[in-house]
Structures are given as C-alpha cells and as structure tokens.
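Trainee: Structure below; questions to follow.
The values are calculated or read from the model by the stated rules, or taken from the named source; none is laboratory data. As the structure is a prediction and not an experimental result, all values here were calculated from the model. Neighbour counts run over all protein chains shown; Cβ positions are idealised from the backbone, glycine included.
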Amino acid sequence: MAASFGLFQAGMPLLGALVGAYLIGYVKAYDHWFAFGLLELVGAKMIYEAFRPGGDSTAEGSASDPSRGMPLLSLSIATSIDAFGAGLGLRLAGANLWVASPVIGIVCAVLTYAGAGLGTTARKHLGRRAEVLGGLVLIGLGIKMLGI
C-alpha cells in the first residue's frame with residue numbers, strides 16, 4: 001500500500017503541472033462541488049458499511065482487501081487526486097516539481113506505512129466506531145469544501 005500510494009502521490013503533481021493549466025478553466029467553477037460530492041459519498045458509504053449487518057469489510061479473508069488489486073488501484077487514485085491540483089499550484093508558484101514530487105511520494109509512503117499500523121491498532125480498540133468516525137470526518141470535510 002505504501003509503495004502504491006507513494007507512487008501515485010509523486011506522479012499526480014507532475015501530471016497536474018503538465019495538464020492542469022489547460023483544465024483549470026473548465027473545472028474552476030465547480031471543482032469544490034466535485035470534491036464535496038466525492039467526500040460525502042465516501043463518508044456515507046463508510047457509515048453505511050459500519051452499520052450494515054456483517055458489514056465489517058476489513059475482516060480476515062474479505063474479498064475487498066484494500067492492499068492489492070483493483071481496490072488498491074482505486075484508493076491510490078482517489079487519495080492522490082488532490083495532488084493533481086497541488087501540482088498546478090506548485091507550478092504556478094515556480095516550485096521545482098522534480099524535487100517536490102519525489103519528496104511528496106516518499107513522505108506519503110512513510111505515513112501510509114505508519115497509518116496502516118495505527119489503523120490496525122485503532123480497529124482493535126474502537127471496532128466499527130472508527131469507521132463511523134472516519135465517515136463523519138469525511139462528511140465534515142466535504143461541507144467545509146463548500147465554505148459553509
């Protein structure tokens with residue numbers, strides 16, 4: 001997980017710097033609504049999964065293992081979308097993306113590795129409440145994106 005997340009976090013700023021300047025005119029008016037919608041959907045799904053009977057998606061032997069295959073690819077892309085926008089901002093600020101991008105990727109990989117360990121510990125102590133709390137945090141962040 002750490003390697004995949006780190007690679008996507010390192011690559012998206014470069015991609016953002018390359019094509020972001022072209023796309024910014026098309027998405028600037030509704031980018032906050034897009035981010036709001038994604039965060040609300042993911043947050044609501046987390047809360048739903050926590051209350052769904054047998055909905056412990058992190059149970060051993062689960063078919064939706066987030067550490068490999070399509071779930072890993074999907075999570076890597078979803079969590080690095082904001083780095084795309086950061087790449088555009090870094091380019092506009094005149095930052096050296098060939099230095100910044102690898103640093104972003106390395107920091108992300110290290111924090112993902114540490115977060116996976118922390119998440120395992122939190123799950124042992126909080127159970128499904130951790131998933132509800134995470135969902136509520138995402139919903140709150142989505143509302144904050146709208147400036148409400």
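Results for (1) surrounded by 14 or more Cβ atoms within 10 Å (Cβ to Cβ); (2) under 30 Å from residue 14 (Cα atoms); (3) in contact with a strand residue (DSSP E or B) (Cβ under 6 Å, 6 or more places away or on another chain); (4) at pLDDT 80 or above, shown as yes or no for each residue.
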{"site": "59", "(1), (2), (3), (4)": "no, no, no, no"}
{"site": "71", "(1), (2), (3), (4)": "yes, yes, no, no"}
{"site": "95", "(1), (2), (3), (4)": "yes, yes, no, yes"}
{"site": "98", "(1), (2), (3), (4)": "no, yes, no, yes"}
{"site": "111", "(1), (2), (3), (4)": "yes, yes, no, yes"}
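Trainee: With (1) assigned to a helix (DSSP H, G or I); (2) closer than 18 Å to residue 145 by Cβ; (3) modelled with pLDDT under 80 as the list, and residue 29 as the residue in question, which single condition is left unmet?
Mentor: So residue 29 meets the others, but not (1).
Trainee: Would you call residue 87 at pLDDT 80 or above and within 16 Å of residue 20 (Cβ to Cβ)?
Mentor: Yes, satisfied.
Trainee: Residues in the range 127-135: is at least one within 26 Å of residue 37 (Cβ to Cβ) and among the basic types (Lys, Arg)?
Mentor: Within the range 127-135, one or more residues are within 26 Å of residue 37 (Cβ to Cβ) and among the basic types (Lys, Arg).
Trainee: Pick from the range 1-16 the residues that are out of contact with any Ser or Thr (no Cβ under 8 Å at 6 or more places or on another chain) and surrounded by fewer than 22 Cβ atoms within 10 Å (Cβ to Cβ): which of them is modelled with the highest pLDDT?
Mentor: Here the residue is 3.
Trainee: Next question, about the same structure. List every residue pair whose Cβ atoms lie under 7 Å apart, where the two residues are 6 or more positions apart in sequence or sit on different chains, the first residue falls within the range 119-137 and is farther than 18 Å from residue 45 by Cα, and the second residue, located anywhere, is surrounded by 13 or more Cβ atoms within 10 Å (Cβ to Cβ).
Mentor: 122/130
Trainee: A further question on this structure: Kindly evaluate residue 91 against the criterion of being under 20 Å from residue 52 (Cα atoms) and either assigned to a helix (DSSP H, G or I) or of a type in the set (Lys, Arg) (or both).
Mentor: no
Trainee: So, one more: Is it the case that the range 121-137 has a residue that's closer than 21 Å to residue 31 by Cβ and surrounded by 12 or more Cβ atoms within 10 Å (Cβ to Cβ)?
Mentor: Yes, that holds for at least one residue.
Trainee: With the requirement that a residue be within 13 Å of the chain's Cα centre (by Cα) and either aromatic (Phe, Trp, Tyr) or at positive phi (or both), what does the range 81-99 give you?
Mentor: Within the range 81-99, 84 is the sole residue that qualifies.
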